[in-house]
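This report concerns only the one structure given below.
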Amino acid sequence: MLKAVDHFREMGQSTSRILIFLSDGEATIPAPVKERIITELKKMKVHLYLLGISLKKENSDILEIVEGVQGRFSATESARELTAAFDEIDSLEPSMVEIEVQGKSKELYPMFALVALCLMFMVTLLRNTLFIELC
């Protein structure tokens, strides 16, 4: 999760940040790391959504992080439930994404095709003239 926070810090220019985390919850997270994750997620105002696959709710470090940042947890056991969880997140976090295209694109293949055609013409011409006279 700290890598995701670093990514938000480096690349995130948006005002809303969403982290969707898919986990089985079996990995243990040391208490200092847990506190750092919670602090960083709160500071960056990241909305955390945990999709748990066969996640056991008792003694789960990842659930403590979700609770610490007032995130949301969805238990998902099938593809249908996973799709429903993503649909719910989509309805809770609507946002517009704008992509700017700068400059004009220029196709380069005509230049290379023309060079290739010229080379083929020269090889054919040389083969039918110069090489015939030498042989």
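No lab work stands behind these numbers, since they all come straight from the coordinates. Values in this document were obtained by computation on a predicted structure and should not be read as measured data. Reconstructed Cβ throughout: ideal geometry from the backbone, glycine too, with neighbour counts over all protein chains shown.
Considering only Ser60, Ser74, Met44, the residue lying farthest towards the positive end of the dipole of segment 2-92 is Met44, judged by Cα position with unit charges set on Cβ.
Quick check on the exposure proxy: order Leu48, Leu125 from fewest to most C-beta atoms within 10 angstrom.
Numbers: Leu48 24, Leu125 10.
Placing the least packed residue first, the sequence is Leu125, Leu48.
Taking a ≥ b ≥ c as the square roots of the Cα gyration tensor eigenvalues, segment 7-61 comes out oblate, since a/c reaches at least 1.5 and a/b does not exceed b/c. Shape class of segment 20-101 from the Cα gyration tensor (axes a ≥ b ≥ c, square roots of the eigenvalues): oblate, since a/c reaches 1.5 or more and a/b does not exceed b/c.
The lysines whose alpha-carbon is closer than 19 Å to the alpha-carbon of Lys45, local same-chain residues fewer than 8 away aside, are Lys3, Lys34. Ranking of Glu26, Glu35 by neighbouring Cβ atoms within 10 Å, starting from the fewest: Glu26, Glu35. Take every pair of alpha-carbon atoms less than 8 Å apart whose residues are at least six positions apart; their mean separation over the length of the chain yields a relative contact order of 19 percent.
Relative to the Cα centre, the charge distribution of segment 1-132, modelled as +1 at Lys and Arg Cβ and -1 at Asp and Glu Cβ, gives a dipole magnitude of about 660 debye. Given +1 at the Cβ of Lys and Arg, -1 at the Cβ of Asp and Glu and no other charges, the dipole of segment 1-52 around its Cα centre is 280 debye to the nearest 20.
Sites listed here are trypsin sites (Lys or Arg not before Pro) in segment 29-115 whose DSSP assignment is loop and whose Cβ has at most 13 other Cβ atoms within 10 Å: Lys45, Lys56, Lys57, Lys104, Lys106.
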